[in-house]
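The values are calculated or read from the model by the stated rules, or taken from the named source; none is laboratory data. Since the structure is predicted, the reported quantities are computational estimates derived from the model, not experimental observations. Note that each Cβ is placed from the backbone with ideal geometry, even for glycine, and that neighbours are counted across all protein chains shown. Just the protein is used for accessible areas: all its heavy atoms, side chains included, with ligands, DNA and RNA removed. Shrake-Rupley method; radii C 1.70, N 1.55, O 1.52, S 1.80 Å.
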Amino acid sequence: MANTQDKFKQVISHAKEYGYIFGSSEIYDGLSAVYDYGQNGVELKNNIKDYWWKSMTQLHQNIVGLDAAILMHPKTWKASGHVDAFNDPLIDNKDSKKRYRADVLIEDYVEKLEQKAQKEISKAKKRFGDKFDEEQFVSTHPRVVKYRKQSKEILERLAKSLTEEKLADVKALIEELDIACPASGSRNWTDVKQFNLMFGTKLGASAESASDLYLRPETAQGIFVNFANVQKTGRMKIPFGIAQIGKAFRNEIVARQFIFRQREFEQMEMQFFVKPGEELKWFDYWKAQRQKWHDSLGLGKENYRFHDHEKLAHYANAATDIEFDFPFGFKELEGIHSRTDFDLKAHEELSGKKLQFYDHEEGESYTPYVIETSIGLDRMFLAVFSAALQDEELEDGSSRTVLKLPSILAPVKAAVLPLLKRDGLPEIAEKIVEDLKWDFNIAYDEKDAVGRRYRRQDAAGTPFCITVDHDTKDDNTVTIRHRDTMEQKRVKIENLKQILTEELSYKKWLSA
Ligand code: ATP
């Protein structure tokens, strides 16, 4: 546990130290759960966006893009169900005045039970060594059986109370479990209330004429309301998709875990419109496609798992989460949902406008079904960044911190380093930068000994270092050093562009 917490702290401090992520408005002590992306962060973020965008739109003839506004007609959120049902149950502690998500307090309690069970298991593992049969142990050891049974009962009761909107029972459960406020230790709780996660705002100058709006809590609705516009003007035939990257806002009650859960974040969503009856085939297709996309980045298959939903949202007929092993454990990174015709039908009803597709071959109109793939850009950033950050012991006994970002996503692709700050070496290095900068993001660094510069670039995530030394003057060659293997090769200056082009080709990465 301490280990994973240490790793998480290291991720946060490294992200700040190397100009990836800063707290928002830090000079005023920050704004909770809002973050700014620094000079390297913005490049990494843009590269992730590009990698997703190209795989969706450029590699699929039948998927086009869209950039809808953040502000939308308020009826949008009535139709989508967000006004009535986009809620979390909250509870306040009267002594500490701290606010919590009631379901999270209960889930944290269950997590503690699980930790107790795990403690028993690891104690027994040590005691029995090779002879330890974990399956038998967890099914017979009285305390472990008790903890697991209790957890199951608590979670079932919570799910039932929430589904049936019995908030008094959620409070009763908190009281029965004797859950205390983590800040004050007090058990003096208010009633549980539903809290809508949408941020409200006003459109218009004068208070009387202004109308109430929301900042969008998801980008998907911008796609649904533009379904007919895109279908007609793009002469799109079913099946086809619309992809969008954009900001979304949620007034999360408890926003911890760095950029994993923010109040302002970005989503990369694609809605794929299909013929009713064919949705489950396409659901499987997109599950496989999205897994392939993740695999192509090489973050490690063991860091991913699918979690199929047993309890489906009212509009869905299949749903799965792609979970990633973040520094705080496996959590949702991306959702893939079969949303039926719920959204298009709801907008059709409330707007009175037809949102259907006329199928010329069949000679009939129908409301398409929808498969959605929705990934949080910031969560993908955190996945890539935390998997990449590694401490390595080297053969000579020293150690290094290295950020092994996939080179296709790395902010700076290569750093050009003159070995010394004299003898005409900086001039040659600058000329190399001048030549490569049109195609790649290149850095120039001449400060400190070259070994220290290598370490600095390793920690910043730069995949290649190009070093100019005295031999360069004689034979026009430089060394190119690979961040991950630290291997150095001597190559001709005139071949550098070709080498980088091959290493950083979208084709090479996306078809991997
Ligand atoms: P969670 O259960 O973690 O709150 P969710 O199921 O509400 O997530 P969706 O509504 O399915 O999330 O949104 C799609 C994606 O948007 C998620 O898979 C996640 O990557 C991202 N996302 C959702 N909420 C946030 C947030 N507060 N901060 C950052 N990313 C988010």
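A319 - would you say it is closer than 20 Å to E218 by Cα, open to solvent by less than 50 Å² (accessible area, probe 1.4 Å), in contact (Cβ under 8 Å) with a residue 12 or more places away in the chain and part of a loop (DSSP other than H, G, I, E, B)?
Spelling it out, it is not the case that A319 is closer than 20 Å to E218 by Cα, open to solvent by less than 50 Å² (accessible area, probe 1.4 Å), in contact (Cβ under 8 Å) with a residue 12 or more places away in the chain and part of a loop (DSSP other than H, G, I, E, B).
Can you tell me how many residues in region 329-350 are aromatic (F, W, Y) and crowded, with 19+ Cβ neighbours inside 10 Å?
1
Residues in region 222-244: is at least one within 30 Å of P368 (Cα to Cα) and within 13 Å of the ligand (Cβ to nearest atom)?
yes
Only residues in region 449-471 that are within 23 Å of Y20 (Cα to Cα) and of a type outside the set (A, V, I, L, M) count as the first member; pair them with residues that are in a helix (DSSP H, G or I) and open to solvent by 10 Å² or more (accessible area, probe 1.4 Å), Cβ under 8 angstrom, at least 6 apart or cross-chain, and list the lot.
Cβ pairs passing all conditions: G461/N40; P463/E503; F464/E503; C465/Y454; C465/Q457.
Kindly provide the set of residues from region 326-366 that are more than 25 Å from V225 (Cβ to Cβ) and basic (K, R), ordered by number.
Passing the criteria: only K331.
Across region 142-172, what is the number of residues that are open to solvent by 40 Å² or more (accessible area, probe 1.4 Å) and either of a type in the set (V, I, T) or over 27 Å from D88 (Cα atoms) (or both)?
Qualifying residue count for the region: 5.
Taking the conditions exactly as written (surrounded by fewer than 19 Cβ atoms within 10 Å (Cβ to Cβ) and more than 21 Å from D378 (Cβ to Cβ)), does N62 satisfy them or not?
Against the criterion (surrounded by fewer than 19 Cβ atoms within 10 Å (Cβ to Cβ) and more than 21 Å from D378 (Cβ to Cβ)), N62 qualifies.
If you take the residues of region 364-377 that are within 10 Å of the chain's Cα centre (by Cα) and open to solvent by less than 10 Å² (accessible area, probe 1.4 Å), which of them is farthest from the ligand (Cβ to nearest atom)?
L377
Here is a check on your reading of the model: is F283 at pLDDT 95 or above, among the hydrophobic types (A, V, I, L, M, F, W, C) and not in a strand (DSSP E or B)?
For F283, the condition - at pLDDT 95 or above, among the hydrophobic types (A, V, I, L, M, F, W, C) and not in a strand (DSSP E or B) - is met.
Quick one: would you say E264 is under 30 Å from A15 (Cα atoms), within 11 Å of the ligand (Cβ to nearest atom) and either of a type in the set (V, I, T) or open to solvent by less than 50 Å² (accessible area, probe 1.4 Å) (or both)?
Against the criterion (under 30 Å from A15 (Cα atoms), within 11 Å of the ligand (Cβ to nearest atom) and either of a type in the set (V, I, T) or open to solvent by less than 50 Å² (accessible area, probe 1.4 Å) (or both)), E264 does not qualify.
Just the residues that are touching a residue at least 60 places away in the same chain (Cβ under 8 Å) and more than 28 Å from the chain's Cα centre (by Cα), please, taken from region 335-355.
Selection gives A346, H347, E349, L350, S351, K353, K354, L355.
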